[in-house]
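A short write-up of the structure that comes next.
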Amino acid sequence: MSTTRTPVDPTATAAWKRLTELHKSMEPDLRAWFAQDPQRAERYSYEVGDLFVDLSKNFLTDEVRDALVELAEAVDVPGRRDAMFAGEHINITEDRAVLHTALRRPATDTLTVDGQDVVADVHEVLEKIYAFARRVRSGEWTGVTGKPIKTVVNIGIGGSDLGPVMVYEALRPYVQEGLEARFISNIDPNDCAEKVSDLDPETTLFIIASKTFTTLETLTNARMARTWLLEALAARGISTDGAVAKHFVAVSTALDKVEAFGIDPANAFGFWNWVGGRYSVDSAVGTVLAVTVGPENFADFLSGFHAVDEHFATKAPAENVPMLMGLLNVWYVNFFQAASHAVLPYAQYLHRFPAYLQQLTMESNGKSVRWDGSPVVADTGEIFWGEPGTNGQHAFFQLLHQGTRLIPADFITVANPAHPVKDGEADVHELLLSNFLAQTAALAFGKTADEVRAEGTPEAIVPARVFSGNRPTTSILAPALTPTVVGQLIALYEHITFTEGIVWGIDSFDQWGVELGKKLALEIAPAVRGDEAAYAGQDASTRQLIDRYRGLRH
Ligand code: F6P
């Protein structure tokens, strides 16, 4: 299939018809399915890299799997995948290649795209980042007064923030002692103010991360940080000459704009327009990670991605874990009308993973038109959300267990905690794991009225205590939260997102939906500032809110 060809209408395929029939006749009964098939758990479990993925508690049968695989083939997920890996311009609306997979290829590979060996380019930048990271980590890179760096502050938003924050949090045990990262993203001035308030300007290094280097939030925060630095140094009687060069580096595809901001291009790390913002944590956008966890761990992180890339690129659809998971999501969205998908890490260090996935999945697949501009023919894009377990259990799990909506959920955990601790006889990590197992079992198998009655429950409250079960979950178990495993988890969800996007025929790599609000904010800003002509051009509600704001503002 050529990259620009009209997408296949998935609803017109024989596989879709088959799935419709299967859905109509299906009465999900996980209790019975497990009872009838002692091999079920094993049969629907897979390995990808170090991840063990158990799909058996899903609404999955051999017939469903076969029809989903047939659907993937009918819409040419494999062909489109190959086109992505080869560097074809599958980002149609921006006419770009989509090559985040090239960011994690080993240096021994080559991939020529538009006449350029992109793998060589990637490794040239990686070496520059690693050299910089080593200098900061060893104390060779110093601030303007000769002191080593203690705090690295990443300023970015969206893909230039969420990935670095999530991975930094996930890999905290790998952060070099004496080094710390902070992240400023929001244009709310309180974000920057709070994050720098207790910092020592002499030992602070800012990384301005912006693919475009035009993003209002990031450039505003970068200017505020620069002002803070210069004022804080001056307040100590320190000359600010050359301070920006010592305390600011940048990550961007727009190196000319970096220079215009006043950052020495020698201290800028580039990447390319074929890396989407939400797919960029493994590019120079991860510089804050290379500095804090070190080049070796960053290289392991990249090798984790690559292992899953290899699996996705080579495994047949029926054995291809990201593809199967993406297809299962389509099954739930389009046939069971599931509108949301929970991601529940039973690993405190992954507490930002759901937020990270929100951008990855929703900015990618929240679309109403296909890549040829025609309207989509089926619902697209689930709402991804979640919180770490066990905290979520005491908040929203009630709705997962007994609410009226079907919410497929991914449970993620690891076998080995970074901090193995005992509480008396109990291994505390095993208490966490027991909760993980208990929740997935409860969601799958529920509790019948008879079981509730057998506990002596008064009849009047039996219905309230019944659990229907048949609430689908996927369990993902990794050996430990290593850099490699974190890379694998991210790549897994990247390829799940890709698979769904291809079935729906959408360009998962543009994000035009964020543009209107950005433009309006720039138009409204003068009205808020008091420009009468700009104010007069606003709608009645906006004017009223501006009036109210002016009345309230001291
Ligand atoms: O607003 C959306 C977006 O373009 C994201 O896709 C991107 O990750 C983010 O803004 C930040 O963009 P940049 O890295 O260019 O500052």
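A few comments on the model shown:
- Number of positions in the stretch 106-134 that are closer than 19 Å to Thr287 by Cβ and assigned to a loop (DSSP other than H, G, I, E, B): 1
- Residue satisfying all of: in the stretch 135-159; crowded, with 16+ Cβ neighbours inside 10 Å and part of a helix (DSSP H, G or I); nearest to the chain's Cα centre (by Cα) among these: Gly159
- Of residues in the stretch 185-218 being more than 16 Å from Val152 (Cβ to Cβ) and of a type in the set (Asp, Glu), the one farthest from the ligand (Cβ to nearest atom): Glu194
- Ala266 satisfies every condition listed in (1) more than 17 Å from Val153 (Cα to Cα); (2) under 20 Å from the mean Cα position of the chain (by Cα); (3) more than 16 Å from the ligand (Cβ to nearest atom); (4) not assigned by the TED database to the domain that holds Thr474 except (2).
- Test for Val291: is it away from the ligand (no atom under 16 Å from the Cβ) and within 19 Å of Arg182 (Cα to Cα): yes
- In summary, Arg226 fulfils each of the numbered conditions (1) free of Cβ contacts under 8 Å to residues at least 12 places away in the same chain; (2) over 30 Å from Gly304 (Cα atoms) with the single exception of condition (1).
- Listed by first and then second residue, the pairs linking a residue in the stretch 327-356 that is within 21 Å of Val75 (Cα to Cα) to a residue that is β-branched (Val, Ile, Thr) and assigned to a helix (DSSP H, G or I), with Cβ atoms under 6 Å apart and 6 or more places separating them unless they lie on different chains, are Val330/Val503.
- Counted residues, the stretch 167-185 - those being within 21 Å of Pro148 (Cα to Cα) and among the β-branched types (Val, Ile, Thr): 1
- Subset of the stretch 199-216 (residues that are in a strand (DSSP E or B) and within 22 Å of the chain's Cα centre (by Cα)): Ile207, Ile208, Ala209
- Taking helices (runs of 4 or more DSSP H) as the structural unit, those lying wholly within the stretch 217-330 and holding at least 1 residues that are under 27 Å from Thr361 (Cβ atoms) correspond to 287-293, 295-314, 321-330.
- When Ala313, Ala232, Ala307, Ala299 are checked against the criterion of being over 18 Å from Leu103 (Cα atoms), modelled with pLDDT of 95 or more and small (Gly, Ala, Ser), Ala232 stands alone in meeting it.
- Any hit, the stretch 412-434, residues being within 22 Å of the chain's Cα centre (by Cα), closer than 30 Å to Arg80 by Cα and surrounded by 13 or more Cβ atoms within 10 Å (Cβ to Cβ): yes
The values are calculated or read from the model by the stated rules, or taken from the named source; none is laboratory data. None of these values were measured; they are calculated from a predicted model. For neighbour counting, all protein chains shown are included, and Cβ atoms are generated from backbone atoms with ideal geometry for every residue, glycine included.
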